[in-house]
Amino acid sequence: MRKLLTLIDRDGERWLLLVLYIYVVAVIFIEVVRRFVLDYSSIWGEETARYAFIYLVWIGAAAAVRDRAHIRIDVLLTFLPPRARAAISLLGDLLVGALAALIFYLSLHPFLSAIQFGSVTEGLRVMRAWVLFAIPFGFALLMLRVAQSIYFDLSDLRAGRAPRAGRKLFD
């Protein structure tokens, strides 16, 4: 498990996000040029970009949990002592973990049904299970990141330290 975490922590998520983002932008650009300059578009372009975007969103959610860059309102936390901030952060992580576990569980049924019945996508005619796998995969990764955050929050709570701060989007 530690090797998996080390591999993922070496910016594995960021590289995967970069590749997916470049793919989405490139395909959309190519499709716009094809549609408006060549007066022709493909079936595969829009569909694959949509599916890549779905993976991008769920993997990005896990990366945001790792960096604590997800949306939160922490103005009131600045007025609390460090131990109370760590306890509230731990509570937030537990709630996010419970929600992620619920969504992971609920997303397994459509994924397994797609495998069982062999359903395919509309345009490409590839197994729909590849697309539906994005949700359980993303939330499994998110639960892994929440477990890491809980571990760090527990150590901060025991030591009486303030919880680790997230990355700021804007200064």
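The values are calculated or read from the model by the stated rules, or taken from the named source; none is laboratory data. Here the structure is a predicted model, which means the values were calculated and not measured. Methodologically, a virtual Cβ is constructed for each residue, glycine included, from the backbone with ideal geometry; neighbour enumeration extends over all protein chains shown.
Points to keep in mind about this one:
The rows are residues; the columns are (1) closer than 26 Å to ALA140 by Cβ; (2) part of a helix (DSSP H, G or I); (3) of a type in the set (Asp, Glu).
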position: VAL57; (1), (2), (3): yes, yes, no
position: GLY60; (1), (2), (3): yes, yes, no
position: ALA63; (1), (2), (3): yes, yes, no
position: ILE71; (1), (2), (3): yes, no, no
position: LEU77; (1), (2), (3): no, yes, no
position: ARG85; (1), (2), (3): no, yes, no
position: ILE88; (1), (2), (3): yes, yes, no
position: ASP93; (1), (2), (3): yes, yes, yes
position: ALA101; (1), (2), (3): yes, yes, no
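- A Cβ distance below 8 Å, combined with a sequence gap of six or more or placement on separate chains, defines the contacts here; from the range 33-61, residues that are surrounded by fewer than 17 Cβ atoms within 10 Å (Cβ to Cβ) reach residues that are among the aromatic types (Phe, Trp, Tyr) in the pairs ARG34/TYR40.
- The range 8-62, subset under 24 Å from the mean Cα position of the chain (by Cα) and basic (Lys, Arg), residue farthest from VAL120 (Cα to Cα): ARG10
- Residue list for the range 114-151, restricted to those being part of a helix (DSSP H, G or I), touching a Gly at 6+ places or on another chain (Cβ under 9 Å) and without any contact (Cβ under 8 Å) to a residue 60 or more places away in the chain: ARG128, ALA129, MET143, ALA147
- Only one of the numbered conditions (1) buried (at least 18 other Cβ atoms within 10 Å of the Cβ); (2) touching a Leu at 6+ places or on another chain (Cβ under 6 Å) is not met by PRO110, and that is (1).
- The set of residues in the range 112-158 that are within 20 Å of the chain's Cα centre (by Cα) and over 23 Å from LEU95 (Cα atoms) comprises ARG128, ALA129, TRP130, VAL131, LEU132, PHE133.
- Test result for GLN148, within 19 Å of TRP58 (Cβ to Cβ), modelled with pLDDT of 85 or more, among the polar types (S, T, N, Q) and surrounded by fewer than 17 Cβ atoms within 10 Å (Cβ to Cβ): yes
- Restricting the range 152-161 to residues that are in contact (Cβ under 8 Å) with a residue 24 or more places away in the chain and assigned to a helix (DSSP H, G or I), the residue that is surrounded by the fewest Cβ atoms within 10 Å (Cβ to Cβ): LEU154
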